[in-house]
1. Checking residue 46 against (1) crowded, with 18+ Cβ neighbours inside 10 Å; (2) modelled with pLDDT of 95 or more; (3) closer than 18 Å to residue 123 by Cβ, which single condition isn't satisfied?
2. Could you please find all residues in the range 185-197 being surrounded by 20 or more Cβ atoms within 10 Å (Cβ to Cβ) and either of a type in the set (Phe, Trp, Tyr) or more than 11 Å from residue 163 (Cα to Cα) (or both)?
3. Of everything in the range 206-220, what is farther than 17 Å from residue 53 by Cβ and either surrounded by fewer than 12 Cβ atoms within 10 Å (Cβ to Cβ) or within 14 Å of ligand 1 (Cβ to nearest atom) (or both)? Give them in sequence order.
4. Could you check how many residues of the range 149-174 are more than 16 Å from ligand 2 (Cβ to nearest atom) and of a type in the set (A, V, I, L, M, F, W, C)?
5. Give the residue that is surrounded by the fewest Cβ atoms within 10 Å (Cβ to Cβ), with candidates limited to residues of the range 231-246 that are in contact with a helix residue (DSSP H, G or I) (Cβ under 7 Å, 6 or more places away or on another chain) and not in a loop (DSSP other than H, G, I, E, B).
6. Please find, within the range 73-89, the residue that is surrounded by the fewest Cβ atoms within 10 Å (Cβ to Cβ) out of those that are in contact with a strand residue (DSSP E or B) (Cβ under 9 Å, 6 or more places away or on another chain) and among the small types (Gly, Ala, Ser).
7. Does the range 101-159 hold any residues that are part of a helix (DSSP H, G or I), among the polar types (S, T, N, Q) and within 16 Å of residue 80 (Cβ to Cβ), and which are they?
8. Hey, among the residues in the range 179-224 that are charged (D, E, K, R) and either assigned to a helix (DSSP H, G or I) or within 16 Å of ligand 2 (Cβ to nearest atom) (or both), which one's farthest from residue 151 (Cα to Cα)?
Amino acid sequence: MCDVCGCGQPENNFVVSDEGKKTVEVKKSLLSENDRVAEINRKHFDEKGILAINLISSPGSGKTTLLEKTIEALKDEFNIGVLEGDIETERDAERVRAKGAYAVQLTTGGACHLEAPLVHKGFHALEKQMGDKTPDILFIENVGNLVCPSSFYLGEHLRVVLISVPEGPDKPAKYPKAFKTSDVFIITKSDLLPYFDFDVEKVKKEALALNPKLEVFVVSAKTGEGLEEWYNYLRKIVKKKKGVEV
Ligand SMILES: Nc1nc2c(ncn2[C@@H]2O[C@H](COP(=O)(O)OP(=O)(O)O)[C@@H](O)[C@H]2O)c(=O)[nH]1
Ligand SMILES: [Mg+2]
């Protein structure tokens with residue numbers, strides 16, 4: 001079983017010795033192989049002028065819904081490609097395709113996070129699907145999990161961590177790595193704030209104490225609150241990536 005979380009990775013990847021020494025060695029080589037391929041992904045993205053964004057959160061916090069809204073809002077300005085990570089099913093890829101994005105589903109068949117080689121394969125499948133078009137933005141929706149995805153660099157330019165109001169305010173403190181390794185923090189489902197004890201300012205403060213560089217957004221896909229700020233941020237960073245003065 002997976003030495004990080006028990007996600008069902010092949011058993012022979014996770015050898016444990018009495019001193020725990022082998023575990024460390026195997027994990028190290030697994031991560032360094034991941035990083036090697038992630039660098040290749042990054043090179044592909046940079047050569048083609050693609051901004052790649054890795055979305056990390058628990059299942060159900062609203063990643064796909066936010067992507068649906070974002071695609072609807074920005075599809076006339078940008079070519080949008082999506083790699084949808086899930087353990088099973090094509091459902092999220094179907095959802096975002098229905099909104100006008102190009103999308104490839106990556107199913108891990110049990111693993112709780114995406115790794116760079118699968119993203120590499122998925123990216124080439126997406127290129128094939130897009131023909132002569134190139135994505136301006138490539139969203140990579142990671143498998144729903146706030147733990148393991150933070151340990152695997154996929155070659156992305158930006159990492160976005162999301163938590164939804166019903167999940168509770170203690171998530172930055174409990175899952176610090178996701179916050180420390182991200183560039184953007186999005187609090188979703190703000191329309192539910194009246195029903196939960198969730199102090200937005202306190203949560204922001206805790207997240208920023210872990211990582212002062214986080215850009216923070218508070219959004220609701222239901223009411224539209226905060227979405228325009230998120231779209232404007234994306235517009236700005238895509239232009240910056242393409243070398244356009246902003
Ligand atoms: N109230 C409310 N529900 C939302 C919002 N965004 C998503 N949801 C609901 O949350 C559930 C999970 O959303 P989904 O986007 O599939 O989450 P994912 O697993 O992170 O991709 C769905 O039932 C959505 O309709 C929101 O802003 N407000
Ligand atoms: Mg989803």
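1. (1)
2. The answer is 185, and nothing else.
3. Answer for the range 206-220, where residues must be farther than 17 Å from residue 53 by Cβ and either surrounded by fewer than 12 Cβ atoms within 10 Å (Cβ to Cβ) or within 14 Å of ligand 1 (Cβ to nearest atom) (or both): 212, 218, 220.
4. 5
5. First pass over the range 231-246, keeping only residues in contact with a helix residue (DSSP H, G or I) (Cβ under 7 Å, 6 or more places away or on another chain): 231, 234, 246.
Filter once more, keeping what is not in a loop (DSSP other than H, G, I, E, B): 231, 234.
Working: 231: 15, 234: 23.
So the residue we want is 231.
6. Step one: filter the range 73-89 for residues in contact with a strand residue (DSSP E or B) (Cβ under 9 Å, 6 or more places away or on another chain), giving 74, 78-89.
Now narrow it down to the ones that are among the small types (Gly, Ala, Ser): 81, 85.
Values: 81: 26, 85: 30.
Only one residue fits best here, namely 81.
7. Step one: list which residues in the range 101-159 are part of a helix (DSSP H, G or I), which gives 116-130, 148-151.
Remaining after also requiring among the polar types (S, T, N, Q): 129, 150-151.
Within the range 101-159, just 129 meets the criteria.
8. Of the residues in the range 179-224, the ones charged (D, E, K, R) are 180, 183, 189, 191, 197, 199, 201-202, 204-206, 213, 215, 222.
Among the residues that remain, those that are also either assigned to a helix (DSSP H, G or I) or within 16 Å of ligand 2 (Cβ to nearest atom) (or both) are: 180, 189, 191, 201-202, 204-206.
On the way: 180: 11, 189: 26, 191: 31, 201: 27, 202: 26, 204: 22, 205: 23, 206: 21 Å.
Ranking the qualifying residues of the range 179-224, first place goes to 191.
The values are calculated or read from the model by the stated rules, or taken from the named source; none is laboratory data. Remember, it's a predicted structure, so these values are computed and weren't measured experimentally. Here Cβ is always computed from backbone atoms with ideal geometry, including for glycine, and neighbour counts include all displayed protein chains.
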